[in-house]
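**Student:** If you scroll down you'll find the structure; I have some questions about it.
The values are calculated or read from the model by the stated rules, or taken from the named source; none is laboratory data. For clarity, every value in this text was computed on a predicted model and none was experimentally measured. With ideal geometry, Cβ positions are generated from the backbone for all residues, glycine too; neighbour counts draw on all protein chains shown.
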Amino acid sequence: MNFPKLILISVCLLFVLADSARAREHYRFDTWSTDNGLPQNGVRRITQTPDGYLWFTTFDGLVRFDGVQFTTFNKSNTKGIINNRFTHVFSDTDGTLYATTMEDGILTIVREGVFSSYTSDQIPGHYIDRIEKDSDGKLRFLVEDDDRTSKSWYELAEGQFRFIEKQVKAEPTRTATGPDGTVWKLNAEGITRTSNGSESSIAMDLADKMGSVSTFVDSTGALWVGENRIHRITREGIRTFSEADGLPANVVYHKFWEEADGSIWAMSGGSSNPGVGLVQIRDERTYVWGTEHGLASTSVHSIFRDREGNVWLATDKGLSRRRKQIIQGFSTKDGIDHSEIYPMMRDRDGNIWIGSTKGLSIWRNGKFEPVEMQPPEPGTPVNRTWRAGKMSVQSLWQDPKGKIWAGLNGGIFTIENGKAEILLDGSHVFAIRGDRSGNVWAATNKGLLRFNNYQITARYATGEGLPNEFMTFIFEDSKGGLWFGGYGGLSKFENGTFVNYTTRNGLTGNYVRTIYEDSDGTLWIGTYDEGMSRFKDGRFVNFREENGLFNSGVFAIEEDDAGYFWISSNRGIYRVNKDELNAFAEGRAAKINSVGYGKEDGMLSTECNGGRQPASLRDHQGRFWFPTQDGGAVV
């Protein structure tokens with residue numbers, strides 16, 4: 001929803017830790033009531049105008065919502081409104097809003113911010129029952145006639161209602177068409193299916209139910225029928241979901257829709273039926289979503305899907321929004337060895353290694369499991385390095401031979417075929433990375449180490465030109481340039497010497513946590529709490545909270561296919577558009593827009609971890625993983 005005051009997104013990436021039994025964790029409900037600014041808890045209908053605003057009807061006025069604030073328009077504060085008991089609402093493509101009232105048959109029109117109303121003596125008939133567009137795109141109104149036994153269609157032309165035709169009364173039927181052109185027709189005797197000129201009948205007792213039955217055809221062509229049970233009808237037969245599947249009894253299900261994952265949803269309840277809220281059917285399993293999951297009420301009057309895919313529910317006790325949690329958290333309950341994790345690395349087989357303050361876990365074959373290793377050979381001088389189950393793993397890297405390098409608070413060991421071998425004892429190792437020359441670099445609390453053929457070949461500290469010996473990050477750019485970050489700024493190693501960049505050279509801060517290079521060769525440098533720098537054409541441009549960043553912590557940067565950066569920080573994960581950053585850097589924009597995500601979006605902890613490498617990864621499905629103080633977060 002392109003709210004003027006609130007930016008939302010419709011990212012639909014889901015992290016499935018186990019199976020569909022965890023489906024409930026992928027959604028959340030936000031709820032608003034009179035405590036949050038609604039004039040009345042009973043919300044009747046919902047629509048969205050082209051400018052992004054949501055509009056609701058209540059019995060105490062017409063309400064506009066920008067995602068943050070409700071604005072109520074009623075006869076006490078708005079010229080042109082003559083009745084507050086609004087029922088239906090319809091938004092036209094030109095931005096005009098049409099709203100009807102429960103009493104006196106009043107129609108209120110909102111056009112370019114101006115309200116006007118047609119009174120009962122200006123409207124033919126008793127009451128406007130429905131507003132819609134016909135197959136030619138013409139707006140028309142279904143009006144209950146004065147005799148209250150029939151209805152007629154009218155159009156509004158040149159400010160006057162013009163009669164079109166009487167609504168044709170027929171035996172109660174429901175007709176639905178599938179994606180392949182198959183036509184389903186329901187009546188009291190059962191169901192008729194017509195496909196490619198061939199007609200077949202399916203027996204189903206719908207007598208006395210046609211007034212409440214609801215139909216829907218999904219993307220596979222299956223017909224769904226809702227009454228006090230839910231039926232799925234295909235060529236193979238009928239599958240009925242009932243109490244035996246976990247559906248509550250004596251509830252009428254209606255208003256079906258399908259999600260991108262293939263799950264089917266249905267609404268229950270209404271003004272005369274308390275209902276159970278929402279029902280989801282996925283992989284032959286049913287899930288009931290009610291007040292215990294955050295829904296305002298199980299009596300749902302209507303639903304509306306906005307342009308970003310959020311589902312809004314009008315209930316008798318307030319307004320609810322169902323949205324997908326774009327972040328999935330995992331922690332010890334999912335199998336990792338400890339909740340406080342730091343490095344995470346995807347190996348060449350697609351497995352994901354997780355280092356924690358207690359050891360190593362691996363995501364393999366759809367589950368987490370501890371990494372079991374044989375200790376080094378007896379007599380190896382390991383000192384503090386090897387403590388099975390107590391190792392604080394700070395960095396991870398896989399070399400071209402397939403060996404896993406693990407940097408610890410006390411050294412480095414390699415893992416191959418389940419066996420550990422000590423390479424270094426004593427230093428705290430925060431990053432390990434190989435270069436294109438075949439060297440392996442380690443960033444430690446005592447400077448940099450360079451390995452070749454698993455042997456140390458060089459050591460670098462302040463005496464060799466580093467600005468500070470506490471180094472935490474290593475990066476090789478697309479041209480082969482080696483960059484190092486730590487507590488003293490940014491250093492580039494070229495021609496055997498270090499070229500250092502600090503705040504004196506324009507860098508936003510001296511505690512560098514990450515570097516990301518985009519497809520244009522531009523470097524983006526993240527710091528602990530001083531924001532982010534863009535380094536392009538030898539010049540730094542800086543971005544901080546005062547410029548629009550959600551937070552000045554930039555621990556790791558990942559870029560999605562739409563050109564958005566996803567950034568971890570101490571306050572959660574946030575997203576910012578790279579084009580906006582470039583526009584700001586080049587003076588084409590005065591402000592940056594960014595959106596933050598936290599516990600309400602699925603994170604178990606908003607405090608992300610960084611200063612260890614890698615502090616993020618992209619998996620084979622394009623999802624981003626970030627470490628936190630309580631497990632990981634996957635976007």
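**Student:** Six or more apart or on different chains, Cβ atoms under 8 Å: show the pairs whose first residue is in segment 504-530 and in contact (Cβ under 8 Å) with a residue 60 or more places away in the chain and whose second is part of a loop (DSSP other than H, G, I, E, B) and surrounded by fewer than 19 Cβ atoms within 10 Å (Cβ to Cβ).
**Tutor:** The qualifying pairs are 528/511.
**Student:** Filter segment 23-57 down to the residues that are of a type in the set (Ser, Thr, Tyr) and farther than 14 Å from residue 323 by Cα and list them by number.
**Tutor:** 33, 34, 47, 49, 53, 57, listed by residue number.
**Student:** Need the failing condition index for residue 140 against (1) surrounded by 12 or more Cβ atoms within 10 Å (Cβ to Cβ); (2) under 38 Å from the mean Cα position of the chain (by Cα); (3) free of Cβ contacts under 8 Å to residues at least 12 places away in the same chain, just the number.
**Tutor:** Residue 140 satisfies all of (1) surrounded by 12 or more Cβ atoms within 10 Å (Cβ to Cβ); (2) under 38 Å from the mean Cα position of the chain (by Cα); (3) free of Cβ contacts under 8 Å to residues at least 12 places away in the same chain except (3).
**Student:** Look at segment 60-89 and say how many of its residues are assigned to a loop (DSSP other than H, G, I, E, B) and either farther than 24 Å from residue 128 by Cα or in contact with a Gly (Cβ under 6 Å, 6 or more places away or on another chain) (or both).
**Tutor:** Number of matching residues: 7.
**Student:** Oh, and also: Kindly establish whether residue 260 is of a type in the set (Gly, Ala, Ser), touching a helix residue (DSSP H, G or I) at 6+ places or on another chain (Cβ under 8 Å) and either on the phi > 0 side of the Ramachandran plot or surrounded by fewer than 16 Cβ atoms within 10 Å (Cβ to Cβ) (or both).
**Tutor:** no
**Student:** For residue 615, state whether it is part of a strand (DSSP E or B) and within 30 Å of residue 406 (Cα to Cα).
**Tutor:** It is false that residue 615 is part of a strand (DSSP E or B) and within 30 Å of residue 406 (Cα to Cα).
**Student:** While we're on this one: Yes or no: residue 35 in contact with a Phe, Trp or Tyr (Cβ under 9 Å, 6 or more places away or on another chain) and acidic (Asp, Glu)?
**Tutor:** No: the conditions fail for residue 35.
**Student:** Another one. Can you find even one residue in segment 179-187 that is in the same structural domain as residue 279 (by TED's automatic domain parsing), of a type in the set (Ser, Thr, Tyr) and either without any contact (Cβ under 8 Å) to a residue 40 or more places away in the chain or under 30 Å from residue 82 (Cβ atoms) (or both)?
**Tutor:** The answer is no, given that none of the residues of segment 179-187 is in the same structural domain as residue 279 (by TED's automatic domain parsing), of a type in the set (Ser, Thr, Tyr) and either without any contact (Cβ under 8 Å) to a residue 40 or more places away in the chain or under 30 Å from residue 82 (Cβ atoms) (or both).
**Student:** Just to be sure I understand, how many residues within segment 410-435 are closer than 19 Å to residue 371 by Cα and either surrounded by fewer than 17 Cβ atoms within 10 Å (Cβ to Cβ) or not assigned by TED's automatic domain parsing to the domain that holds residue 615 (or both)?
**Tutor:** 5
**Student:** Follow-up. Would you mind telling me which numbered condition in (1) modelled with pLDDT under 90; (2) surrounded by fewer than 20 Cβ atoms within 10 Å (Cβ to Cβ) residue 82 fails?
**Tutor:** So residue 82 meets the others, but not (1).
**Student:** Now a separate question. Going by what's in this entry, would residue 551 be described as farther than 19 Å from residue 613 by Cβ and over 23 Å from the mean Cα position of the chain (by Cα)?
**Tutor:** It is false that residue 551 is farther than 19 Å from residue 613 by Cβ and over 23 Å from the mean Cα position of the chain (by Cα).
**Student:** Yes or no: segment 273-291 includes at least one residue that is closer than 27 Å to residue 35 by Cβ, in a loop (DSSP other than H, G, I, E, B), acidic (Asp, Glu) and at pLDDT 90 or above.
**Tutor:** No, segment 273-291 contains no residue that is closer than 27 Å to residue 35 by Cβ, in a loop (DSSP other than H, G, I, E, B), acidic (Asp, Glu) and at pLDDT 90 or above.
**Student:** Could you name every one of the strands (runs of 3 or more DSSP E) located completely within segment 156-213 that has at least 2 residues being of a type in the set (A, V, I, L, M, F, W, C) and under 39 Å from the mean Cα position of the chain (by Cα)?
**Tutor:** It comes to 183-187.
**Student:** Moving on to the next point. Going through 158, 199 one at a time, which residue ends up being among the acidic types (Asp, Glu) and either under 30 Å from residue 283 (Cβ atoms) or touching a Ser or Thr at 6+ places or on another chain (Cβ under 9 Å) (or both)?
**Tutor:** 199
**Student:** Right, residue 426: within 19 Å of residue 612 (Cα to Cα) and either touching a helix residue (DSSP H, G or I) at 6+ places or on another chain (Cβ under 8 Å) or of a type in the set (S, T, N, Q) (or both) or not?
**Tutor:** no
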